[in-house]
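Input: a single structure, listed below in structure tokens.
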Amino acid sequence: MAQQANQPLPNGFPLEEYTIDRQLSLGGFSIVYLASDPDGKQVAIKEYLPNSLALRGKGEIKPVISTDHQGAFRYGMKCFFEEGRSLAKLSHPNVIRVLNFFRANDTVYMVMEYEHGRTLQEFIQKHQGHISERFIRGVFTRMLNGLREVHSHKLLHLDLKPSNIYLRGDNTPVLIDFGAARQTLATDQPILKPMYTPGFASPEHYGARTDLGPWSDIYSVGASMYSCLAGNAPLSADERLKKDTLAPAMMRWESQFSDRLLEIIDWCLNLNHLYRPQSVFALQKALVETVTPPKPKNNAHWLGRFVEKLRKPTK
């Protein structure tokens, strides 16, 4: 079935005990709505509706799934439901809260708290080139608290990027959209199209995906921090594997940010997952270290100093 844009449920549509207010976003795998619960409280409702497997035309409520795609659609629906079940067990201020999940209209829905604010991606676009190190360290250290909670429940995010990091009004970060996590639930079922975002996906996202782990989300964290400095996504990992032309943060922003922050970003973006931080805790520990202000440039080449640091014996 060719890719197509599915039509959202109409405004005012009654969905179980909720009422659809309007569409918030449309992705390749789902549609997210702003809705109201019986008490009038706003919630976000995510509807499983992969546009590569199902089609819902204007004025229709239930999707049309061809016989060829029934197996993959049902498996994806099961995984979506399991995603909701897993996330409902999480209760952390830096992870989106799942309130309910249910089946209706031949598909499934996930009800989440509706957060007021904006995504980190929107913040980056507004402040291109003018995001402070203090802001980056603060946001990512707190976001990593949420990611640690996710990993402690044997889940991976697998689509971590600035548009999936939501900032409340006080810039407290909240991890949202765990759709890609369903890809880790089983490997012997009908194949669903891999979900990842070029530039933020780790090398392990490509190919057999057998090496996916916490370090894969950590690559995405590094790519997200890199994009805070660059204003856009870094070169995609699959292109880097062919020919790595990505300028290291240590070289590109020398003297503009502390050496330690730039080292951390390059550490996270290592193409070999064994040479990245292996846990969120290790990354957090590095991020909260005392910041040394950047020194004025001198004649010593950045690479020489970087190599010299690597030569120093570790304690």
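Every number here is computed from the coordinates shown, using simple stated rules; none is lab data. Keep in mind that this is a model prediction, so the values were computed, not measured. Please note: Cβ atoms are built from the backbone with ideal geometry, for glycine as well, and neighbour counts cover all protein chains shown.
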- Item | Among PHE178, GLY28, VAL98 the positive-end extreme of the charge dipole of the chain (Cβ point charges) | PHE178
- Send over the semi-axes of segment 14-113's equivalent ellipsoid, whole angstrom and largest first, taken as the square roots of 5 times the C-alpha gyration tensor eigenvalues. 23, 17, 11
- Work out how much length ALA208 to ARG134 would gain on full extension: take 0.36 nm times their residue separation and subtract the Cα-Cα distance, in nm to one decimal. 22.9 nm
- So if R0 is 25 Å, what FRET efficiency would LYS89 and LEU274 give, r being the distance between their Cβ atoms, rounded to the nearest 0.05? 0.25
- Query: For labels at LEU99 and GLU289 in the simple 7 Å Cα→Cβ model, what's the distance in nm?
  - Reply: 4.3 nm
- Among the helices of the chain (complete DSSP H runs), which have Cα atoms covering no less than 18 Å along the helix axis and a Kyte-Doolittle mean of at least -0.5? 70-88, 133-152, 214-230
- Task: Determine, for LEU271, LEU283, LEU156, the number of other Cβ atoms within 10 Å of each Cβ, and report the residues in order from fewest to most.
- Result: LEU271, LEU156, LEU283
- Message: What distance in nm lies between label points placed 7 Å from Cα along the C-beta direction at GLN70 and LYS243?
- Response: 4.9 nm
- Query: So what's Rg/Rh here for the chain, counting alpha carbon atoms and using the Kirkwood radius for Rh?
  - Reply: 1.00
- Hey, rough spin-label estimate for GLU122 and LEU26, points 7 angstrom out along Cα→Cβ, what's it come to in nanometres? 1.9 nm
